[in-house]
1. Using the alpha-carbon atoms, what tilt in degrees (0 to 90, nearest 10) does helix 46-61 show relative to the longest principal axis of the chain?
2. Within the chain, what whole-number % of the accessible surface is contributed by carbon and sulfur, with the 1.4 Å probe and all protein chains included in the calculation?
3. Taking Cα atoms, how many degrees apart are the long axis of helix 66-75 and the longest axis of the chain, rounded to 10 and kept between 0 and 90?
4. Ordered by packing density, taken as the mean number of other Cβ atoms within 10 Å over each peptide's residues, highest first, how do 71-77, 108-114 rank?
5. Kirkwood Rh over Cα pairs of the chain into Stokes-Einstein at 10 °C, 1.306 mPa s: D in µm²/s?
6. Taking the mean number of other Cβ atoms within 10 Å as a proxy for protection, how do you rank 43-55, 79-91 from highest to lowest?
7. Rolling a 1.4 angstrom probe over the protein heavy atoms, how many square angstrom per residue are accessible across region 42-98?
Amino acid sequence: MLHPIESTAAARRPAAPDPDDSPWHTSAACRSDEAGLFFAPSKEPTAARLAREEHAKRVCARCPVLLECREHALAQPEPYGVWGGLTAAERRVVLARRRRREAELLDARRLTARIAG
Ligand code: SF4
């Protein structure tokens, strides 16, 4: 799926229906912001990247579909760009925490079943 901001440009030209085109991104706050804000240009210096990402996150903070966007980006997972107020590195941390928590819950269920059985 295109990033919500990219779907604005895509919407300007006739296109075949996208089966993955869910309605949440039609309300995306980033549809009216500059496209370069959400993805890093090549060889972007660290200070510029941090400033750009903070700016993108401020757009996300006022977005009515932040949670839908974030969950989409985590589920794919989307490897690049700011989605749902999180950078790619931050999404990797969230996914790692979720996997660890799921593993802990599975261990707890197995232990409970062993004790009960
Ligand atoms: S949360 Fe951010 S990236 Fe996602 S749709 Fe909203 S403004 Fe765009």
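1. Between helix and principal axis, roughly 80 degrees.
2. Its accessible area is 57 percent carbon and sulfur atoms.
3. 60
4. In descending order of packing, they fall as 71-77, 108-114.
5. So the translational diffusion coefficient is about 99 µm²/s.
6. 79-91, 43-55
7. 59
The values are calculated or read from the model by the stated rules, or taken from the named source; none is laboratory data. Quantities reported herein were computed from a predicted structural model and do not represent experimental measurements. For neighbour counting, all protein chains shown are included, and Cβ atoms are generated from backbone atoms with ideal geometry for every residue, glycine included. Please note that ligands, DNA and RNA were not included when accessible areas were found on the heavy atoms of the full protein model with its side chains. Shrake-Rupley method; radii C 1.70, N 1.55, O 1.52, S 1.80 Å.
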